[in-house]
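> Here it is, the structure, as structure tokens.
The values are calculated or read from the model by the stated rules, or taken from the named source; none is laboratory data. In this text the structure is predicted, and so the values were computed from the model without any measurement. No Cβ is skipped: glycine too gets one built from the backbone with ideal geometry, and neighbour counts run over all protein chains shown. Areas reflect the complete protein model, heavy atoms only, side chains present, ligands, DNA and RNA absent. Shrake-Rupley method; radii C 1.70, N 1.55, O 1.52, S 1.80 Å.
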Amino acid sequence: MRLNRFLAAAGIGSRRQCDQLIAAGRVTINGESCTNFSAQPTVRDHVKVDGKFVPRTLSGLHIILHKPAGFVSTRSDPHARDIIFDLLPAKFPRLFNAGRLDAQTEGLLLLTNDGDLAQRLTHPRYEIDKEYEVILDRPWDSALTPKLLRGIFLGSQNAKIARLHSVTPTRLRLVLRQGINRQIRRMFEAVGYRVKRLVRTRMGNLRLGDLPCGHWRALTKSELTSLKRPGKTAVSPVMEDGPPACWRAGGCQP
């Protein structure tokens, strides 16, 4: 395994970021600075970055987490009591979020120790479908749907919803292909609604299904293959599944 991939698998950063560390002479192998991008550490080698030991870690770990409301999508936050990594085994290697969910949003979150894969899945050019279920504070006025599909400016960004479908007067299903901060909540606020509950149920071909709230599972081989397929990640038809188990139960508790 080449040095940059070794570092990326250990959660140091993406391969590009690891290349920068190597070029800057910040990586050592057995005490010697290594700027050779082709170097391949063996099991007997001691690799350090800025003097800190980099342990050889599990490779190819990709999981779906059912994030509960109230948990933040970060590794550490001095202002947050609950973080998503508290829900995972301590033995896991450092994992990257493929996108985030705000603190009060529930549902599917993809975590991986492949920094390149995480970066690819969050890059806007791939336009990966992200499906959500939304509960509003009052019945939805369908005359406003075209406005959300055309787009609303949030600051300097034109935020759009790709597809939207009413399930009940106050419950909607929608698809995003962007990743603007708090996009769904802010878009509905802009047209006079408050989002009472928000659950991500799908990302590309990955579905939350009946995964219990606060639990995780490893991706299947077919799921991982679809994520790594060249070009746009395959997408599934929207709205074909029912709501996740936590939705049917009326609440998602960790």
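> Rounded to the nearest 0.05, what FRET efficiency is calculated for residue 210 and residue 190 with R0 set to 35 Å and r the Cβ-Cβ distance? Mind dumping the intermediate values first?
Working: r = 34 Å, r/R0 = 0.96.
Efficiency, from the Cβ-Cβ distance: 0.55.
> When only C-alpha pairs under 8 Å and at least 6 residues apart count, what is the relative contact order of the chain, in percent?
On the way: 479 pairs, mean separation 48.0, N = 254.
Computed value for the chain: 19 percent relative contact order.
> State, in angstrom, two size descriptors of the range 1-86 derived from its alpha carbons: Rg to one decimal place and Dmax to the nearest whole number.
For the range 1-86, the Cα-based Rg and Dmax read 15.7, 46 Å.
> Which ³J(HN,Hα) values in Hz, rounded to whole numbers, follow from the phi angles of the range 105-110 under the Karplus curve 6.51 cos²θ - 1.76 cosθ + 1.60, where θ = phi - 60° and Gly and Pro get x?
8, 9, x, 6, 9, 8
> So, one more: Nothing charged except the Cβ atoms of Lys and Arg (+1) and of Asp and Glu (-1): what's the magnitude of the dipole of the chain about its Cα centre? Round to the nearest 20 debye. Before the final figure, lay out the partial values.
On the way: 41 positive and 22 negative charges, 62 e Å.
Dipole of the chain, to the nearest 20 debye: 300 debye.
> Give me the number: length gained by fully extending residue 91 to residue 38, i.e. 0.36 nm times residue separation minus the C-alpha to C-alpha distance, one decimal in nm. It would help to have the intermediate numbers written out before the result.
Working: separation 53, 0.36 × 53 = 19.08 nm, distance 2.90 nm.
Gain on extension, residue 91 to residue 38, equals 16.2 nm.
> Sorted by accessible area with a 1.4 angstrom probe, largest first, how do 123, 46, 66 fall? Write out the running numbers ahead of the final one.
On the way: 123 75, 46 105, 66 0 Å².
Ranked from most to least accessible, the order is 46, 123, 66.
> From the list [x] 1.07; [y] 1.13; [z] 0.99, can you say which value of Cα Rg over 2.2 N^0.38 Å was derived from the structure given?
[y]
> While we're here: Where does the charge balance sit around residue 66 when Lys and Arg score +1, Asp and Glu -1, over other residues with C-beta under 13 Å from its C-beta?
Working: positive: 67, 200, 202, 207, 217; negative: 106, 210.
With Lys, Arg at +1 and Asp, Glu at -1, the net is +3.
> Could you state the accessible area per residue of the range 130-190 in Å², with a 1.4 Å probe and every protein chain left in place? Walk me through the numbers on the way to the answer.
On the way: 3020 Å² over 61 residues.
Averaged over the residues of the range 130-190, the accessible area is 49 Å².
> Between residue 160 and residue 228, what is the FRET efficiency for a Förster distance of 25 Å, r being their Cβ-Cβ separation, to the nearest 0.05?
Values: r = 27 Å, r/R0 = 1.08.
For residue 160 and residue 228, the calculated efficiency is 0.40.
> Further, regarding this structure: Taking amide H atoms as placed 1.01 Å from N in the peptide plane, list the residues 5 or more away in sequence, or in a different chain, whose amide H sits under 5 Å from that of residue 39.
So residue 39 has HN proximity to 3.
> Order the following by accessible area, largest value first: 161, 29. Probe radius 1.4 Å; ligands, DNA and RNA are ignored. Present the calculation step by step, with values, prior to reporting the outcome.
Working: 161 5, 29 30 Å².
Largest accessible area first, the residues go 29, 161.
> Keeping every protein chain in place, order 145, 170 by accessible area at 1.4 Å, biggest value first, i.e. largest first.
Per-residue accessible area, sorted high to low, gives 170, 145.
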